[in-house]
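The structure appears right after this line, and notes come after that.
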Amino acid sequence: MIASRKFKAIDALYILFMIIPILAVILLKIFTAPSSDGISITGAMIFFEINMPFQKLFITEAQLNSWAVMISVTFLCLYMTHGIRAGTVLKRHHFAEIIAEKLQSMVAANMGEYFSGFSPFIAAILLLSAFSSLLTLVGLYPPTSDLNVVAGWAILVFILITYYKFKCGPVVYVKSFANPPLMAPLNIISEVATPVSMAFRHYGNVLSGSVISVLVAFGLQSLSKMIFGFLPGFLGNFPFLQIGIPAVLSIYFDIFSGCLQAYIFAMLTMLYISGGFPAELYEKKIQGGN
Amino acid sequence: MLEIAIGIILGCCALGAGAAMIAGIGPGIGEGNAVAKACEAIGRQPESKGDVTTTMLMGCAIAETTGLYALVIAILLIFVAPGLFVDILISTI
């Protein structure tokens, strides 16, 4: 019954692999970031380009950061669940079980019986999005404030929605738009608008938070120069007001807003996928087949 | 002459970005209404606080969408459009 509480070498290895990608990205940023005086708002840095048939493929900071987050989250999950079995007493196993049970009950409550296998996918979206937004806490570029990254997730969700709408055949899929028939053009527009609005919502929230933070930091710098400018030498240029005050904004924009957007993205994914699926018709089709 | 043209482009982009953000009024009013109603509902039925809060956050997020469209347009007008328009101007001359 009693599992060994010893700190094994494999735990250290997993924690190391959790930290290494983030450290690597930070070091890369330190060595490659162009030196700039003052504060500037820029998009993701482009590291290098790959020539592809139609268009150049840009490997940007956002992609590298999201890969780092993926590796880190994978090893976090491995660390929390390795050696898990019935009757263990390790704290991290209990924690992992709580997370998994909460997610399964959330998916079951929002999507119904048929989609109960979706909880790993929802968990992946939730964790990836939340940890990507939380990357700002270590001073990195958050991948979710790049439209391309979030649009990729939204297109993935759109493909899933369309797949489950197609479950009863193309006729039912086309009919679902013409209900009532006069509204067909609007229904088609709202179908296309689904991934666009999902991507814009997440990207806009994270980006607007970082833009406002930068503007406030810049304003505080100017203000402290105005107030403390009479001090001699180094003290006159030191931005006293920048200490601590931007952190209050960071609590809202980086932590609360980032986690809330991750939750909303996952929630909307669940609602759209289960909402578009014609459950009654599919049941009839299954019973008719038998 | 070219300087004046570029100046007009930059100024109009900034004006357009400012005008686009007027759309921020709508989500502000809408989310205010949503939160007010949620407070009323919690006051009436305190035991349903969890459900009301999650539903309210979802609704707020969806009501925010129009404001975020305006934000995206404003950001495009500030960071992307001036360079694009100046390039078009120079290539036509």
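For the range A:243-252, the count of residues that are within 14 Å of another protein chain (Cβ to nearest Cβ), among the hydrophobic types (A, V, I, L, M, F, W, C) and either open to solvent by 50 Å² or more (accessible area, probe 1.4 Å) or without any contact (Cβ under 8 Å) to a residue 24 or more places away in the chain (or both) is zero. Put simply, of A:VAL171, A:VAL157, A:VAL107 the only residue that is farther than 30 Å from A:LEU76 by Cα, assigned to a helix (DSSP H, G or I) and either β-branched (Val, Ile, Thr) or within 16 Å of the chain's Cα centre (by Cα) (or both) is A:VAL171.
The residues in the range A:109-140 that are modelled with pLDDT under 90, open to solvent by 50 Å² or more (accessible area, probe 1.4 Å) and over 30 Å from A:ILE30 (Cα atoms) can be counted, and the count is 5.
Restricting the search to helices (runs of 4 or more DSSP H) fully inside the range A:209-277 and requiring at least 1 residues that are within 20 Å of the chain's Cα centre (by Cα) gives A:245-250, A:257-276. Go through the residues of the range A:136-146 one by one and say whether even a single one is out of contact with any Lys or Arg (no Cβ under 6 Å at 6 or more places or on another chain), outside any helix (DSSP H, G or I) and among the hydrophobic types (A, V, I, L, M, F, W, C). Checked against the condition, which is being out of contact with any Lys or Arg (no Cβ under 6 Å at 6 or more places or on another chain), outside any helix (DSSP H, G or I) and among the hydrophobic types (A, V, I, L, M, F, W, C), the range A:136-146 yields at least one hit. Considering the range A:153-162, and only residues there that are surrounded by 15 or more Cβ atoms within 10 Å (Cβ to Cβ) and of a type outside the set (Phe, Trp, Tyr), the residue that is farthest from A:PRO278 (Cα to Cα) turns out to be A:ALA154. If we scan the range A:59-67, do we find a residue that is within 22 Å of A:SER132 (Cα to Cα), among the hydroxyl-bearing types (Ser, Thr, Tyr) and not in a helix (DSSP H, G or I)? Among the residues of the range A:59-67, at least one is within 22 Å of A:SER132 (Cα to Cα), among the hydroxyl-bearing types (Ser, Thr, Tyr) and not in a helix (DSSP H, G or I), which makes the answer yes. Return a yes/no flag: does the range A:29-47 have any residue that is in a strand (DSSP E or B), at pLDDT below 90 and open to solvent by less than 70 Å² (accessible area, probe 1.4 Å). Within the range A:29-47, one or more residues are in a strand (DSSP E or B), at pLDDT below 90 and open to solvent by less than 70 Å² (accessible area, probe 1.4 Å).
Considering only residues in the range A:209-228 that are without any contact (Cβ under 8 Å) to a residue 40 or more places away in the chain and polar (S, T, N, Q), the one that is surrounded by the fewest Cβ atoms within 10 Å (Cβ to Cβ) turns out to be A:SER222. Per the conditions (1) more than 25 Å from A:PHE95 (Cα to Cα); (2) free of Cβ contacts under 8 Å to residues at least 60 places away in the same chain, the sole criterion not satisfied by A:MET45 is (2).
When the helices (runs of 4 or more DSSP H) confined to the range B:20-86 are screened for residues that are away from chain A (no Cβ under 14 Å) and surrounded by 17 or more Cβ atoms within 10 Å (Cβ to Cβ), those reaching at least 1 such residues are found at B:25-44, B:49-63.
Residue-wise test of (1) of a type in the set (S, T, N, Q); (2) modelled with pLDDT under 90; (3) within 22 Å of A:SER145 (Cα to Cα).
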{"residue": "B:MET1", "(1), (2), (3)": "no, yes, no"}
{"residue": "B:LEU15", "(1), (2), (3)": "no, no, no"}
{"residue": "B:LYS37", "(1), (2), (3)": "no, no, no"}
{"residue": "B:VAL80", "(1), (2), (3)": "no, yes, yes"}
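The values are calculated or read from the model by the stated rules, or taken from the named source; none is laboratory data. Since the model is a prediction, treat every value here as computed from it, not as a measurement. Heads up, the Cβs are rebuilt from the backbone with ideal geometry, glycines too, and the neighbour counts pull from every protein chain shown. Calculation scope for accessible area: heavy atoms of the full protein, side chains included, ligands and nucleic acids excluded. Shrake-Rupley method; radii C 1.70, N 1.55, O 1.52, S 1.80 Å.
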